[in-house]
1. Condition first: of a type in the set (A, V, I, L, M) and modelled with pLDDT of 95 or more. Can you find one or more residues in the stretch 102-113 that meet it?
2. Tell me which residues, restricted to the stretch 87-125, are among the hydrophobic types (A, V, I, L, M, F, W, C) and assigned to a strand (DSSP E or B).
3. Looking at this structure, is Leu139 closer than 20 Å to Pro70 by Cβ and buried (at least 16 other Cβ atoms within 10 Å of the Cβ)?
4. Would you point out which residue out of Gly153, Gly148, Gly128 is open to solvent by less than 30 Å² (accessible area, probe 1.4 Å) and in a loop (DSSP other than H, G, I, E, B)?
5. Touching a Gly at 6+ places or on another chain (Cβ under 7 Å) and either farther than 28 Å from Ile87 by Cα or at pLDDT 85 or above (or both): is that true of Gly47 in this structure?
Amino acid sequence: MTRSLFFICSILLSMPAWCQTLPANFTREQVGGAIGSPTVMAFAPDGRIFVAQQSGALIVIKNNVQLTTPFITLPVSSAGERGLIGIAFDPNFTANNFVYLYYTTVNTVPLKNRISRFTANGDVAVAGSEQIVLELDDLSSATNHNGGALAFG
């Protein structure tokens, strides 16, 4: 029984995503290009897709095209499971242009995870607009299990 279950699980896990059956009225479409080490993505109210890279860049996909200039590139510690790992749009984003990011600092000793608010100006963040909302406790030397999910309820 254990061998059979292992065999079935290994077959299912090795199946490429293209083998999946889509629900009726759904289509598969690639947008953007190759994005290295993506950690999270979020849809802006206007349909743009923001994709965070562990290395600190926040990529924008607009009208199915990946823009060449990142929304912002943060200096982050990206060891293990650290880096730019959370994004949320303010519920009133269309009026205030606030984007919240969760990332691991690189320029604090010791390192910390931080939530900051940035102001968007079109497809990029306003320079110097970072407002630190929350800085979590000092990080240990362990680089795993940093969390990072952001959401407004």
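1. no
2. Ile87, Ala88, Phe89, Phe98, Val99, Leu101, Ile115, Phe118, Ala120, Val124, Ala125
3. no
4. Result of the check over Gly153, Gly148, Gly128: Gly148.
5. no
The values are calculated or read from the model by the stated rules, or taken from the named source; none is laboratory data. Since we're looking at a predicted model, the values are computed, not measured. Here the Cβ is made from the backbone with ideal geometry for all residues, glycine too, and neighbour counts use every protein chain on show. These accessible areas exclude ligands, DNA and RNA; they are computed on the full protein's heavy atoms, side chains included. Shrake-Rupley method; radii C 1.70, N 1.55, O 1.52, S 1.80 Å.
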